[in-house]
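Down below is the structure, laid out as structure tokens.
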Amino acid sequence: GLWNSADFRAAELPGAGAHGTARSIARFYACLARGGELDGIRVLKETTLESGRRRLRYGIEPLWNSPMAYGTGFELQTGSAVFGPAPDAFGHAGMGGSRHAAWPTERVGFSYATNQLRTGPSPDRRPLRLLEALHAAVNPAVNPAVRPL
């Protein structure tokens, strides 16, 4: 009810206000993974992107009892690797197990959007298994058959 209501979508909540398809969010993060520009369109200045990737806060998130790190506008990768194996990953873990992030080293952006808002034990292993497979598919160090971009 609440998550799909017009009032919620109009509220423009910074921590929960991104609305888009998995494809559009993945394209946004692909742009960020490539320095803020994709196909001649710049979304963020590189200095703004650097601010988003600089750790401003780190601690144990009381709701999930796990380490969390934040830059300006983005969650940063921690030892729990919520954004897959890429150490330089940054993005946002969303409701119901979704994950959306950029891997700058691999120049990859992704979005895993669920069609069901699950609650339950953390971490949700569904996106983590998919991100391990994605990392193997795009990373030459993990998969020698991959040619660098």
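Apply 1/(1 + (r/R0)^6) to the Cβ-Cβ distance of residue 115 and residue 56, taking R0 = 35 Å, and write down the FRET efficiency to the nearest 0.05.
0.60
Assuming a viscosity of 0.692 mPa s and a temperature of 37 °C, what translational diffusion coefficient in µm² per second does Stokes-Einstein assign to the chain, Rh being the Kirkwood radius over Cα pairs? Write out the running numbers ahead of the final one.
Numbers: Rh = 16.1 Å.
In µm²/s, the coefficient rounds to 204.
Output the peptides 103-110, 73-80 sorted from most to least packed, where packing is the average of other Cβ atoms within 10 Å over each peptide's residues. Write down the numbers at each step before the final one.
Numbers: 103-110: 21.2, 73-80: 17.4.
Answer by packing, highest mean first, reads 103-110, 73-80.
For every helix of n ≥ 4 consecutive DSSP H residues, a contribution of -39,500 (n - 2.57) applies; sum these over the chain, divide by its total residues, and give [θ] at 222 nm rounded to the nearest 500 deg cm²/dmol. If you can, show how the numbers build up before the last one.
Working: 4 runs with 39 residues, N = 149.
Theoretical 222 nm ellipticity from helices: -7500 deg cm²/dmol.
At a Förster radius of 25 Å, what calculated FRET efficiency corresponds to the Cβ-Cβ distance of residue 88 and residue 22, to the nearest 0.05?
Details: r = 22 Å, r/R0 = 0.88.
With R0 = 25 Å, the Cβ-Cβ based efficiency is 0.70.
Hey, what's the Cα Rg ratio for the stretch 1-72 versus the globular rule of thumb, 2.2 N^0.38 Å?
Working: Rg = 15.1 Å, N = 72, 2.2 N^0.38 = 11.2 Å.
Here the answer is 1.35, to two decimals.
Between the stretch 92-113 and the stretch 24-90, how far is it from one alpha carbon centroid to the other, in angstrom?
The two parts, judged by their Cα centres, are 9 Å apart.
Give the carbon-plus-sulfur fraction of the accessible surface of the chain in %, rounded to a whole number; probe 1.4 Å, heavy atoms of protein chains only.
Answer for the chain is 55 percent, counting heavy atoms of protein chains only.
Apply 1/(1 + (r/R0)^6) to the Cβ-Cβ distance of residue 47 and residue 2, taking R0 = 25 Å, and write down the FRET efficiency to the nearest 0.05.
Values: r = 36 Å, r/R0 = 1.45.
Efficiency, rounded to the nearest 0.05: 0.10.
The values are calculated or read from the model by the stated rules, or taken from the named source; none is laboratory data. Treat the numbers as computed from the prediction; the structure is a model and nothing was measured. For neighbour counting, all protein chains shown are included, and Cβ atoms are generated from backbone atoms with ideal geometry for every residue, glycine included. In case anyone asks, the SASA skips ligands and DNA or RNA and just uses the protein heavy atoms, side chains included. Shrake-Rupley method; radii C 1.70, N 1.55, O 1.52, S 1.80 Å.
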